[in-house]
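In what follows, a structure is listed as structure tokens, so that the remarks can point back to it.
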Amino acid sequence: MKEINVQISNRIRELRARFQWTQQDLASKVGVTRQTIAALEKGDYVPSLLLAMNICLAFQMTVEEVFQLKGEGQ
Amino acid sequence: MKLRNYLLNVTILILFGWGMVEFYNSIMEVQSTNSTNSDGFAFSLNILPIILLFIIAIPAAIQFTRQQRRDNKGWKEIIFFPAEFRERDEREKELTSKACRNSYISMMIVFPLLAICMLFQPFISNYFAAYPIVILMLFPAIQVTVYYLSIKRKLQ
């Protein structure tokens, strides 16, 4: 099976600063722990589709505005 | 999983194993006096590991139960789930599942090795009769260690 080498980056830290939310604020809004938000911002964790869409909903933005695909051909 | 919780788990396992070794020695005494003297039996039991186990395990269990109740966990989860399981969100569930996977893989490696160690039981039992209990207790201790190291490595 061909391995596709792509990564997902996000603008969560930037958007959170713009909305003046703490990590805990965003975590409470999307129903996860603060540590998960920290891991997402550092790029250590790729969220599930459900969590990603919940984060987009919290920021009132589309998925493409918050998450970007980086890697082969991008 | 914090280092403190891991050390607590291993300490409880060691004390439980020590307690079982002492019970085993007592049962051996009962068996030997029973076979030589038909009027009754006598045995001695070192209860130090059992006392230490209660001193450590009871406060730990109370503290763990309080903490779990604060997190609105049900009694079923508190009683049956290991204390080191943290599954508050999808990331923690993923970390736990990966650590459990590694622990399962370690079982496939450790189990045959411990079975090989059991082959030496006839030689060692002359000096240390409770050798099989130690081998048996090594199994969960190694699995807990693999689980802890997996979680720690993922969190770094």
* Structure fact -> Dipole check, the protein assembly as shown, charges on Cβ (K,R +1; D,E -1), about Cα centroid: among A:A17, B:T36, B:Q156 the Cα furthest to the positive pole belongs to A:A17
* Span from the the stretch B:19-39 Cα centroid across to the the stretch B:114-156 one, whole angstrom -> 25 Å
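On a 19 Å Cα-Cα criterion, which of the cross-link pairs B:K2/B:K154; B:K2/B:K76; A:K70/B:K152; A:K29/B:K152; A:K2/B:K98; B:K98/B:K154 come out too long? Write down the numbers at each step before the final one.
Working: B:K2/B:K154 13 Å; B:K2/B:K76 23 Å; A:K70/B:K152 28 Å; A:K29/B:K152 27 Å; A:K2/B:K98 23 Å; B:K98/B:K154 9 Å.
Pairs exceeding the cut-off: B:K2/B:K76; A:K70/B:K152; A:K29/B:K152; A:K2/B:K98.
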* Asked: Modelled label-to-label distance, A:T62 and A:N5, 7 Å Cα→beta-carbon offset: nm?
  -> 3.0 nm
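Give me the percent relative contact order of the stretch B:27-156, please, defined on Cα pairs under 8 angstrom at least 6 residues apart. Before the final figure, lay out the partial values.
Values: 54 pairs, mean separation 26.2, N = 130.
Relative contact order comes out at 20 percent.
Using a Förster distance of 41 Å, how high is the FRET efficiency between B:L48 and B:E94, based on the Cβ-Cβ distance and rounded to 0.05? Present the calculation step by step, with values, prior to reporting the outcome.
Details: r = 42 Å, r/R0 = 1.02.
Result of the calculation: an efficiency of 0.45.
Summarise the partner chain shielding of A:32-39 as one whole number: the mean count of Cβ atoms from other chains within 10 Å of each residue's Cβ.
Working: counts 5, 6, 0, 6, 6, 2, 0, 4.
Per-residue shielding by partner chains comes out at 4.
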* How many nm separate the modelled label positions at B:T11 and B:T145, each set 7 Å beyond the Cα in the direction of the Cβ? -> 1.8 nm
* Asked: Chains B and A: buried accessible surface, both sides, probe 1.4 Å, rounded to 100 Å²?
  -> 600 Å²
* Asked: Within the stretch A:19-37, whose backbone N sits under 16 Å from a point 7 Å along Cα→Cβ of A:R13?
  -> A:19-24, A:35-37
* To do: Give me a single rounded figure for B:93-100: the average over its residues of other chain Cβ atoms within 10 Å of their Cβ.
  => 1
* What residues from the stretch B:119-156 fall in the zone where the backbone N is under 15 Å from a label point 7 Å along the Cα-to-C-beta line of B:Y104? -> B:147
* For B:K73, go through the aspartates and glutamates and keep the ones whose alpha-carbon is under 20 Å away, minus same-chain ones fewer than eight residues off. => B:E84, B:E87, B:D89, B:E90, B:E92, B:E94
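The values are calculated or read from the model by the stated rules, or taken from the named source; none is laboratory data. Everything numeric here is computed off the predicted structure, so don't read it as measured data. Glycine also receives a Cβ, built like all others from the backbone with ideal geometry; neighbour counts cover every protein chain displayed. The area values use the complete protein model at the heavy-atom level, side chains included, leaving out ligands, DNA and RNA. Shrake-Rupley method; radii C 1.70, N 1.55, O 1.52, S 1.80 Å.
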